[in-house]
Amino acid sequence: MNMQAMLKQAQNLQRDMMKAKEEIDKTEFTGESSLVKITMLGTKEVTKVEINKDESLDADDIEVLEDMILVAVNDASKKVDETTEKKMSKFGNIPGLF
């Protein structure tokens, strides 16, 4: 394979990788706990926090709610990482890329 063909192949791979990353960044992921639902983009920017309004909360429940928010955010973040790994693994293991 000549150098020009290799360069073109590398450019195509880079374009495909960037397209996959853009797709992930625009995707919404939802993480849930029993009281809280968090929505974030693939960039891990939280776009929505929903608290289950069926539950009546008093001051003592605030600590529990904080824990539930933490669980939901981490759940959504984990889903972003799993999707990124799945979609980007087809490009091989390039450390530090994403």
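The GluC sites (Glu not before Pro) found in the range 1-75 that occupy coil by DSSP, while having at most 14 further C-beta atoms within 10 Å, are Glu45, Glu55.
Extension gain, Thr43 to Leu57: 0.36 nm times the residue separation minus the Cα-Cα distance gives 1.9 nm.
Quick one: order Ser56, Ser33, Ser77 by neighbouring beta-carbon count within 10 Å, fewest to most.
On the way: Ser56 6, Ser33 19, Ser77 16.
Least to most surrounded, the residues fall as Ser56, Ser77, Ser33.
As a length-normalised measure over Cα pairs under 8 Å and 6 or more apart, the relative contact order of the range 3-90 settles at 31 percent. In summary, the convex hull built on the alpha carbon positions of the range 13-52 has an orientation-averaged projected area of 2.8 nm².
Taken along the Cα-to-beta-carbon direction at a fixed 7 Å, the label points for Glu32 and Lys90 span 2.9 nm. Taken about its Cα centre, the chain carries a charge dipole of roughly 1260 debye when the Cβ of each Lys and Arg holds +1 and the Cβ of each Asp and Glu holds -1.
Applying a DSSP loop filter and a limit of 12 other Cβ atoms within 10 Å to the trypsin sites (Lys or Arg not before Pro) in the range 41-78 leaves Lys53. Backbone phi angles across the range 72-77, fed through the Karplus curve with coefficients 6.51, -1.76 and 1.60 (θ = phi - 60°), yield HN-Hα couplings of 5, 5, 5, 5, 5, 4 Hz in residue order; Gly and Pro are listed as x.
Give me log10 I(q)/I(0) at q = 0.10, 0.14, 0.25 Å⁻¹ for the range 3-90, Debye formula, one equal scatterer per alpha-carbon, no solvent. Results for the range 3-90 at q = 0.10, 0.14, 0.25 Å⁻¹ read -0.38, -0.58, -1.10.
The numbers here are math on the coordinates, done by the rules we state, and not lab data. All values reported here derive from a predicted model rather than from experimental measurement. Heads up, the Cβs are rebuilt from the backbone with ideal geometry, glycines too, and the neighbour counts pull from every protein chain shown.
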